[in-house]
Amino acid sequence: MEKVYFDHAATTYVRPEVLEAMLPYFAEDYGNPSSIYEIARSAKKTLETARDKAAAALGADPAEIFFTGSGTEADNWAIRGIAELYEKKGRHIISSAIEHHAVLHTCEYLEKRGFEVTYLPVGEDGIIRVADLEKAVRPDTTLITIMTANNEIGSIQPIEEIGALARSKGIVFHTDAVQAVGHIPINVKSQNIDMLSLSAHKLYGPKGVGALYVKKGIPLRSFIFGGGQERGRRAGTENIPGIVALGKAIELAVSEMEEESRRLSALRDKLIDGILSSVPHTFLNGSSVKRLPNNVNVSFEFIEGESLLLLLDMKGIFASSGSACTSGSLDPSHVLLAIGLPHEKAHGSLRITLGRSSTEGQVEYFLKELPPIVSRLRDMSPLFEEYLKISDPARVSG
Amino acid sequence: MNPRNVGEIEDPSGVGTVGNVKCGDIMKVYLKITGEGIVEDAKFKTFGCGAAVATSSMATEMIKGRSIDDALHITNKAVMDALDGLPPIKVHCSCLAEEALHAALWDYSQKNGLAIDGLKPPVNDIEELHEGAFA
């Protein structure tokens, strides 16, 4: 059976060029970059080359890049770091209702410590309104943290405008760009970004390595105490193989972005059109325009997402859902609720995220397999039965 | 995922619906009960995750051929055991399956003016279904 991996927003495979680049740093050039002999010097040099590549990908200066253990760590560091650094100036933070939990749970932690957080609402399109942001700004606001692109519905925020507003008010602007880097153009200078989080495993690098960009002049303190790595700002012996891989992966992703995003956008639109035209009572979640090239998120009314994932899995198709069962709680995705979906429509969501391995053939295979699966689940659904009775009483006896 | 007993029963002796759309699980169980009080057939429809479908399938499978008294003793634990256990977060699915059987038996008892020992009226949130589901 064909295996169709449609969950690239969850993680990507490590592409061969990246794997090849990182391998020598496990058993050959395994030196600690803080040491002074040859294999250590080679590791140190490699570390700085990777930093150059990450900086180039973002339009940043290499001295503004700090490697971390994940995108989540970068988010935690940026948000807690700025909140605590400017605590005396103010204790108000602005974020959005659709952030990743790495941001939301960090904000909740700060709220418990006496900080105030305003979570900006989003429209049906999953995008904040800059006017709302402007209204939320207070004299004691020290940080705005709003993601570049959403991991569930792919909506892209007006980053440049948010950054310009933050700058005009003297507020630090951080963005979680984990889903965006390597997928859509990012330039920290032209987009007025002060801090940015990214992760390697969303762009064909390995898991366990990320980075935080910190604009020169922001005196962010160390978050992890220990040795003097990362210019004293992030202790812990550097994950050299991971960092090398991040550098290689980000370089490749950015150089291939234009062509790849054109290819994926076409596949994405074919999927959206195909799903909406072949399955009734189905709608697209999020913006149809300001959307990541690889993201499809649809809701099928009357069915529940996890059952759908299980049946797709039986056909070799791997995707994800915002249903409660897949979120590990009793509530469906906070993102889908934030764009105004009632619970049962959020439970019936399906996210497909395309990537380098996705082909036209896979899209066609999916579009062939999907309709009978949805029909089968609807035949099993008491909600659908109820709907049929209401909409067409003659069709259902009793 | 290959559930048994999916569907409806025409002129059922009892029907029970439990759960709510908010938590994402709704189970509807149909029972056909003979004059002698034996569950002749059981079918279900479920809106829910894999575990909800599996527990519905197992519960309806277990109730078939049983007397009403026996049927009352099909607990969520028995359903879970029959499925070789469920992860903690899915235990509530087995509770719903038990409740759905009981709700269908309650409906049967009400329709036939029977008092069944140990059977209580179902507690369900199905009102929410009508409030929100088709808005």
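For the range A:202-307, just say rounded, prolate or oblate: build the C-alpha gyration tensor, square-root its eigenvalues into a ≥ b ≥ c, call rounded for a/c under 1.5, and beyond that prolate if a/b exceeds b/c, oblate if not.
Because a/c hits 1.5 or more and a/b exceeds b/c, the range A:202-307 counts as prolate.
I'd like the trypsin sites (Lys or Arg not before Pro) in the range A:1-88 restricted to DSSP loop residues with at most 13 other Cβ atoms within 10 Å, sorted by number.
Sites meeting the loop and neighbour criteria: A:K3, A:K88.
Of all the accessible heavy-atom surface of chain A, with the other protein chains kept in place and a 1.4 Å probe, what percent is carbon and sulfur?
The value for chain A is 54 percent carbon and sulfur by accessible area.
When you look at the Cβ of every residue in A:303-310, what mean number of other chain Cβ atoms sits within 10 Å?
Average per residue, whole number: 5.
Whole-Hz ³J(HN,Hα) for each residue in the range A:360-371, computed from phi via Karplus 6.51 cos²θ - 1.76 cosθ + 1.60 with θ = phi - 60°, x for glycine and proline: what do you get?
4, x, 5, 4, 5, 4, 4, 5, 7, 7, 5, x
Could you check how much of the accessible area of the range B:14-121 is carbon and sulfur, as a whole percent, using a 1.4 Å probe?
52 percent
Express the relative contact order of the range A:193-339 as a whole percentage, based on alpha carbon pairs under 8 Å and six or more residues apart in sequence.
Relative contact order here is 13 percent.
Quick one: helix A:382-391 against the long Cα principal axis of chain A, what's the angle to the nearest 10°, folded into 0 to 90?
50 degrees
Kindly identify chain B as rounded, prolate or oblate by the Cα gyration tensor criterion: order the square roots of the eigenvalues as a ≥ b ≥ c, call it rounded if a/c is under 1.5, otherwise compare a/b with b/c, prolate if a/b is larger, else oblate.
oblate
Determine one quarter of the surface area of the Cα convex hull of the protein assembly as shown, which equals its mean projected area, and express it in nm² to one decimal. Display every interim value, and only then the final one.
Working: hull surface 111.6 nm².
The number I arrive at for the protein assembly as shown is 27.9 nm².
Please compute how much accessible surface disappears when A pairs with B, both sides summed, using a 1.4 Å probe, and round it to the nearest 100 Å².
2500 Å²
With a cap of 16 neighbouring Cβ atoms within 10 Å, and only residues DSSP puts in a loop, list the trypsin sites (Lys or Arg not before Pro) found in the range A:117-221. Please report the intermediate quantities before stating the final value.
On the way: sites: A:R129, A:K135, A:R167, A:K169, A:K189, A:K202, A:K207, A:K215, A:K216, A:R221; in loops: A:R129, A:K189, A:K207, A:K215, A:K216, A:R221.
Here the trypsin sites (Lys or Arg not before Pro) that fit, given the DSSP loop and packing criteria, are A:R129, A:K189, A:K207, A:K216, A:R221.
In the range A:340-364, which residues become less accessible by 20 Å² or more once every protein chain is in place, relative to the chain on its own, using a 1.4 Å probe?
The answer is A:H343, A:E344, A:K345, A:H347 - residues whose exposure falls by at least 20 Å² when every protein chain is included.
What percent of all Cα-Cα pairs in the range B:1-49 falls in each 5 Å bin, counting up from 0?
All Cα pairs, binned at 5 Å, distribute as 5, 21, 26, 20, 15, 9, 3, 1 percent.
Per-residue Cβ counts within 10 Å, from other chains only, averaged over A:369-378: what number is that? Write out the running numbers ahead of the final one.
Details: counts 0, 0, 0, 0, 0, 0, 0, 2, 4, 2.
Partner Cβ neighbours, averaged per residue: 1.
Using a 10 Å Cβ count of at most 12 others and DSSP loop calls, identify the longest part of chain B lacking such GluC sites (Glu not before Pro).
B:37-135
Out of A:V130, A:S34, A:A56, whose Cα points farthest toward the positive end of the dipole of the protein assembly as shown (charges: +1 Lys, Arg; -1 Asp, Glu; placed on Cβ)?
The listed residue farthest towards the positive side: A:S34.
Name the GluC sites (Glu not before Pro) in the range A:276-323 that are in a loop by DSSP and that have at most 16 other C-beta atoms within 10 Å, would you?
Working: sites: A:E301, A:E304, A:E306; in loops: A:E301, A:E304.
Within the range A:276-323, no GluC sites (Glu not before Pro) qualify (loop, at most 16 other Cβ atoms within 10 Å).
Relative contact order of the range B:14-121: what whole-number percent is it, with Cα pairs under 8 angstrom and at least 6 residues apart?
Relative contact order comes out at 31 percent.
Let me have the relative contact order for chain A, percent, based on Cα pairs under 8 Å that are six or more residues apart.
Value for chain A: 21 percent.
The values are calculated or read from the model by the stated rules, or taken from the named source; none is laboratory data. From a predicted model like this one, the values you see are computed outputs, not experimental measurements. Note that we place each Cβ from the backbone using ideal geometry, even for glycine, and neighbour counts take in every protein chain shown. Surface areas here come from the heavy atoms of the whole protein model, side chains and all, with no ligands, DNA or RNA. Shrake-Rupley method; radii C 1.70, N 1.55, O 1.52, S 1.80 Å.
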